[in-house]
């Protein structure tokens, strides 16, 4: 029977054997867990899209004088010729009236019809953040400087960023699906790691199990 703290050749060989078996089983179990996560293409959600994340057209979207059929400006339903949706979505989530909108059009980064268009949710979040920024400026003028960590200012800024991220996800469902799959994979791996830890606690380490196996073998001789 192996003495505690002493690892002889027989015990070392048994430990190595159990470690190889454990790693093989761990890899197989992890592969099954990851294989249960749907592929990216099955996680793509094309709609329906909430109205607050559906672009509201501006005059340019309706033709000269605001008349005529609406020009489709949402890259989810067909990109503007030569303009990737990744560029269009960044322009679309800028505040309405932002000079950068016209610059993007001039440089070919955005559909001309999108100059005055906007996502209602993004515009509302931007205006709330802008109000908080004005309040911060007033506090600074009054001599009461508030740091970035100020709860109201930071909360509204974070809300604005969250809403923009949501708009980008609706604009580019493939990217949103990719991120969702990564989240599911991380969850599956964490669950598998927790399961392996539970097995180790329940049945012992390879060394502990090896000592038990050799001790039982000695008793049976």
Picking from 167, 176, 210, 194, which residue would you name as being assigned by TED's automatic domain parsing to the domain that holds residue 23 and loosely packed, with under 15 Cβ neighbours inside 10 Å? 194
Is the stretch 169-188 home to any residue that is more than 30 Å from residue 24 (Cα to Cα), modelled with pLDDT of 90 or more and out of contact with any helix residue (DSSP H, G or I) (no Cβ under 7 Å at 6 or more places or on another chain)? no
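For every residue, the table says whether it meets (1) modelled with pLDDT of 85 or more; (2) assigned to a helix (DSSP H, G or I); (3) under 27 Å from the mean Cα position of the chain (by Cα).
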{"residue": "29", "(1), (2), (3)": "yes, yes, yes"}
{"residue": "33", "(1), (2), (3)": "yes, yes, yes"}
{"residue": "46", "(1), (2), (3)": "no, no, yes"}
{"residue": "76", "(1), (2), (3)": "no, yes, yes"}
{"residue": "82", "(1), (2), (3)": "no, no, no"}
{"residue": "86", "(1), (2), (3)": "no, yes, yes"}
{"residue": "90", "(1), (2), (3)": "no, yes, yes"}
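A quick yes/no check of all residues on (1) at pLDDT 85 or above; (2) under 25 Å from the mean Cα position of the chain (by Cα); (3) assigned by TED's automatic domain parsing to the domain that holds residue 99; (4) part of a helix (DSSP H, G or I):
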residue: 140; (1), (2), (3), (4): no, no, no, yes
residue: 148; (1), (2), (3), (4): no, yes, no, no
residue: 156; (1), (2), (3), (4): yes, yes, no, yes
residue: 159; (1), (2), (3), (4): yes, yes, no, yes
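The values are calculated or read from the model by the stated rules, or taken from the named source; none is laboratory data. Everything quoted here is computed from the prediction, not taken from an experiment. Positions of Cβ are generated from backbone atoms using ideal geometry, with glycine treated the same way; all protein chains shown enter the neighbour counts.
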